[in-house]
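Trainee: One structure follows; several queries about it will come next.
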Amino acid sequence: MNTYMPSAASIERKWYVVDATDMTLGRLASEVAIILRGKNKPTYTPFLDCGDYVIIVNCGKIKVTGKKMENKIYFKHTDYPGNEKFASLREMMEKRPVKVIEHAVRGMLPQGTLGTHMFGKLFVYEGAEHNHAAQKPEELKF
């Protein structure tokens, strides 16, 4: 008996579109991370990037539960001493809603070069329009 081991050339990748309207942030991020990693495929291999491409539209219309809009804080340091920046989820959703989803999905992928390659297959758009129509993406419902 030989164990099947997929090679990087034999992996088939699909394109999916996800509409984030009225979806919970964490649940959306975890489902998208599963697709990006390829855990939904029978040929999943932990050390290979065998996931699919994901396009998320309407990212400004996500929702969260509880008091996360005020209590969840995003931290950024500018590498200058004492120059820390803090922003609540509400402020981030007003200024940069794309970064909110990217931050949530990035935290659910492997930390390293493999996760960086997986994260490169994620495309997030604030509106309903995207410029990946040539790839013929399938709509994905969770």
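Trainee: Quick one: if you take sqrt(5λ) for each eigenvalue of the C-alpha gyration tensor of the chain, what semi-axes come out, biggest first, whole angstrom?
Mentor: Value: 30, 19, 13 Å, ordered largest first.
Trainee: Relative contact order for the range 45-99: what percent, with Cα pairs under 8 Å and sequence separation of 6 or more?
Mentor: 30
Trainee: Antiparallel as a % of all DSSP beta bridges within the range 1-140, to the nearest 5?
Mentor: 30
Trainee: Using the alpha-carbon atoms, what tilt in degrees (0 to 90, nearest 10) does helix 97-106 show relative to the longest principal axis of the chain?
Mentor: Once rounded, one gets 50 degrees.
Trainee: Kindly provide the trypsin sites (Lys or Arg not before Pro) of the range 57-91 that DSSP labels as loop, not H, G, I, E or B, and whose Cβ sees at most 14 other Cβ atoms within 10 Å.
Mentor: Loop-located and lightly packed - 67.
Trainee: Let me have the relative contact order for the chain, percent, based on Cα pairs under 8 Å that are six or more residues apart.
Mentor: With pairs under 8 Å counted, the relative contact order is 32 percent.
Trainee: What ³J(HN,Hα) values, in whole Hz, does the Karplus curve 6.51 cos²θ - 1.76 cosθ + 1.60 give for the range 3-13 when θ = phi - 60°, with x put for Gly and Pro?
Mentor: These are the phi-based 3J(HN,Hα) values: 7, 6, 10, x, 9, 5, 7, 8, 7, 9, 10 Hz.
Trainee: For the range 1-40, how big is the tail of P(r) above 12 Å, as a whole percent of Cα pairs?
Mentor: Across the range 1-40, Cα pairs with separations above 12 Å total 72 percent.
Trainee: Could you sort out which of 95/121; 14/85; 39/95; 67/95; 39/68 sit more than 26 Å apart by Cα distance in this structure?
Mentor: Pairs exceeding the cut-off: 14/85; 39/95; 39/68.
Trainee: If I take R0 = 35 Å and measure r between the Cβ atoms of residue 69 and residue 12 in this structure, what FRET efficiency does the formula 1/(1 + (r/R0)^6) give, to the nearest 0.05?
Mentor: 0.30
Trainee: Can you pull the one-decimal nm distance between simple spin-label points at residue 5 and residue 119, each 7 Å off the Cα toward Cβ?
Mentor: That separation, rounded to one decimal, is 2.8 nm.
Trainee: Multiply the residue separation of residue 80 and residue 44 by 0.36 nm, subtract the distance between their alpha-carbon atoms, and state the gained length in nm to one decimal.
Mentor: So the extension gain works out to 8.7 nm.
Trainee: Another one. Taking N as the number of residues in the range 35-108, what is its Cα Rg relative to 2.2 N^0.38 Å?
Mentor: The range 35-108 yields a ratio of 1.42.
Trainee: What relative contact order, as a whole-number percentage, does the range 63-142 give when Cα pairs under 8 Å and 6 or more residues apart are counted?
Mentor: Once divided by the residue count of the range 63-142, the mean separation gives 18 percent.
Trainee: Given the C-alpha centroids of the range 111-128 and the range 1-24, what is the distance between them in whole angstrom?
Mentor: 13
Coordinate-derived values only; no laboratory data. In this text the structure is predicted, and so the values were computed from the model without any measurement. Cβ coordinates were reconstructed from backbone atoms using ideal geometry, including for glycine residues, and neighbour counts include every protein chain displayed.
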